[in-house]
Every structure is written in C-alpha cells, then in structure tokens.
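Throughout, read-outs are computed from the coordinates displayed, never taken from laboratory work. Fair warning: this is a prediction, and the values are worked out from it, not measured in the lab. Positions of Cβ are backbone-derived with ideal geometry, glycine not excepted, and every protein chain shown enters the neighbour counts.
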Amino acid sequence: MWRLLQQIRKVGIISEPPPSADASVLQGELQEQIARVFGRALAIRQVDAGSCNGCELEIQALHNPYYNLEGMGIRFVASPRHADALLVTGPVSRHMAQALRRTYEATPEPKLVIAVGDCGACGGVFGESYASLGAVANVIPVDVAIPGCPPTPTALMQGILAAIGKRASS
C-alpha cells in the first residue's frame, strides 16, 4: 500500500481531458432545432441490431449530467410507435433483420433513421457474411450515418442534429 501511495504522489492525478467546449454550443443548437422542427421532445427508439455494445455505452453517456440529452428535449422511448427516429447500432445480423424491418414499419411517418458507428454505417470489421447483412442501409433506408468505433457523444449529437436538419429541409 505504501508503494502505491508513493507512486500516486510522484505521478499525480492522471485522467482524460474533459470534453471540448464545442459540446455546449452543440447542445444549444440541438435544443433550438428540436424546438423549431418538432415543437416538442424528439422521441428516439434505439435498436441494437447486433453490435458489440460499444456504441450503446456512448449513447448511455449522453444521459449523464454533462451532455444531459433529456434536458435538451430528446428522450428514448420503448415502442417504435411512439418514436420520431430510430437509432440503430451494429451490423445487422441475419436474425435481427426481420425485427429491424418490423420496427421500421411500426415507426410512424415521417421517420428518421440514424445508423450509429462504423458497423451500422458500412458493416465495420464484420462486413457481410453468413451471419451478418452488414450496414443498416442494406436492410432499411438510412437518413444519416454516424462513423466511429464507437462514435463519441459529441459525434452522436452532431448526427442527431444532421438528421433533424435533414427532416427540416424536406
């Protein structure tokens, strides 16, 4: 124990740097766009189509006090019937393809589909195989793809903002 305390004293506190100030600017813009386009909260249904859960960890980070997604007017819903957008993670496994299609069909029009991570955008390291159909776009139409393995919470907010902008322009 004594050696550990000496090492801590010598090295000091080491942690990763805090998120950039861009996140707070992005939060304000996101809140403004949601209020303008929807006039209420944006309801998102998150679908795991076969991911490794790396993207889900970053999505959960959006709920912490720093990013405060709920405070910006974005909430996650349990049913696709209540959703405005689908947030799909992972390469689509063959066993999840039908469930993803049904979820897409159950989501009321006009709907947004956001493919999250490299796997959702292009199949990632898994690609297409006997067990995987690859990218989400191979199964359902995608409006916005957010690259990254996994994408940062800031990149997720930028992707959601891009999807809202796409909806506003159509």
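Restricting segment 144-157 to residues that are surrounded by fewer than 19 Cβ atoms within 10 Å (Cβ to Cβ) and in contact (Cβ under 8 Å) with a residue 12 or more places away in the chain, the residue that is nearest to L26 (Cα to Cα) is T154. Do we have any residue at all in segment 62-81 that's closer than 15 Å to V136 by Cβ, buried (at least 21 other Cβ atoms within 10 Å of the Cβ) and either touching a Leu at 6+ places or on another chain (Cβ under 7 Å) or without any contact (Cβ under 8 Å) to a residue 60 or more places away in the chain (or both)? No, every residue in segment 62-81 fails to be closer than 15 Å to V136 by Cβ, buried (at least 21 other Cβ atoms within 10 Å of the Cβ) and either touching a Leu at 6+ places or on another chain (Cβ under 7 Å) or without any contact (Cβ under 8 Å) to a residue 60 or more places away in the chain (or both). In segment 24-42, the residue that is nearest to I140 (Cα to Cα) out of those that are crowded, with 18+ Cβ neighbours inside 10 Å and not polar (S, T, N, Q) is L42.
Can you find a residue that is in contact with a helix residue (DSSP H, G or I) (Cβ under 8 Å, 6 or more places away or on another chain) and among the polar types (S, T, N, Q) anywhere in segment 57-64?
No - not one qualifying residue is present in segment 57-64.
Take the residues in segment 140-170 that are in a loop (DSSP other than H, G, I, E, B) and over 23 Å from Y67 (Cα atoms), then tell me which one is farthest from the chain's Cα centre (by Cα). By that ranking, first place goes to S170.
L57 falls short on exactly one of the conditions (1) under 25 Å from K166 (Cβ atoms); (2) touching a residue at least 60 places away in the same chain (Cβ under 8 Å); (3) not basic (K, R), and that condition is (1). Are any residues in segment 99-139 crowded, with 21+ Cβ neighbours inside 10 Å, of a type outside the set (V, I, T) and not in a loop (DSSP other than H, G, I, E, B), and if so, which ones? Within segment 99-139, L100, L112, A115, G117, D118, C119, G120, A121, S132 meet the criteria.
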